[in-house]
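In what follows, a single structure is set out as structure tokens and then discussed.
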Amino acid sequence: MPSRINPSILAADFANLERELGRIRTADLVHVDIMDNHFVPNLTFGPPVVSRLAQVSPLPFDVHLMIDNPERWAPGYAEAGAFSVTFHAEATTNPVGLARKLRSIGARAGIALKPGTAVEPYLELLPEFDQVLVMTVEPGFGGQSFMPSTMRKLGTLAATVRRTGLDVWLQVDGGITEETIVIAAEAGADTFVAGSSVFNAADPAAQIARLRAAADEHRHAH
């Protein structure tokens, strides 16, 4: 499978979101960051905005919930038509129950780990998830620098997925550029969230192609 490139609309022009979605139609999914000003010190979109944007988007939505109490809110995003809904391990006491609920609605279920969160407690839960998101920056703001220290965690996940034969996507989010995507691909990621590096490019489609090619070359070398 080619590497998946999911541009984050956190880096888009909020005054022209429908146009911005059209500029990234060659990507795989649209990454939508939901922040509640509690779990992270920032505030973005809620379900009505996501539901409306989904109606005009050429691509399905990969929703990333950086919010408290995802048990209450996550199912609504699945019901709004999100292809994938990822919630944070640190925000829930029942990750398996929530993942099963999301899957029952018809969305893919993802779990996200902050840079400081250990992956080991979640390895045995991998069959319950369709995606694991390794945050390569602290969640909350776009434009941060990639943290290479998170790659050991990604490598542990990749080795476990290979050994068990599970169909779990391994996603990275934060500071992804043509340089850092190579590091993440070599460590085992197959799904890449890129915000500024795509939306700030003169030609987002060409940038998406460059990112995908760089990731593919280094994924397949391993």
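Averaged over its residues, the chain has an accessible area of 42 Å² per residue, based on protein heavy atoms and a 1.4 Å probe. Across the range 3-9, computed HN-Hα scalar couplings (Karplus, 6.51 cos²θ - 1.76 cosθ + 1.60, θ = phi - 60°) run 4, 9, 10, 10, x, 8, 6 Hz from first to last residue, x flagging Gly and Pro. Hey, for a label at residue 14 modelled as a point 7 Å past Cα toward Cβ, could you say which residues of the range 43-67 have their backbone N under 20 Å away? Under cut-off, by backbone N: 43-57, 62-67. Here each label is just a point 7 Å from Cα along the line to Cβ, and for residue 141 and residue 213 those points are 3.4 nm apart. The label point for residue 118 and the one for residue 164, both projected 7 Å from the Cα toward the Cβ, are 1.7 nm apart. How far is the Cα center of the range 1-26 from the Cα center of the range 52-118, in Å? The distance from the Cα centre of the range 1-26 to that of the range 52-118 comes to 19 Å.
Considering only DSSP beta bridges whose two residues both sit in the chain, what percent are antiparallel, to the nearest 5? Close to 5 percent.
Rolling a 1.4 Å probe over the protein heavy atoms of the chain, with every protein chain left in place, gives an accessible area that is 52 percent carbon and sulfur. Model label points for residue 125 and residue 55, set 7 angstrom from Cα along the Cα-to-Cβ axis, are 3.5 nm apart.
Here the ratio of the Cα radius of gyration of the chain to 2.2 N^0.38 Å is 0.93.
A full extension of the chain between residue 72 and residue 96 corresponds to an added length of 7.2 nm, given 0.36 nm per residue minus the alpha carbon distance.
In the chain, the calculated helix contribution to ellipticity at 222 nm averages -10500 deg cm²/dmol per residue, counting -39,500 (n - 2.57) for every DSSP H run with n ≥ 4. Residue ranges 23-29, 83-89 sort as 83-89, 23-29 when ordered by packing (mean number of other C-beta atoms within 10 Å per residue, highest first).
The values are calculated or read from the model by the stated rules, or taken from the named source; none is laboratory data. For clarity, every value in this text was computed on a predicted model and none was experimentally measured. Heads up, the Cβs are rebuilt from the backbone with ideal geometry, glycines too, and the neighbour counts pull from every protein chain shown. Each accessible area value is taken on the protein alone, full model and side chains, heavy atoms only, with ligands, DNA and RNA left out. Shrake-Rupley method; radii C 1.70, N 1.55, O 1.52, S 1.80 Å.
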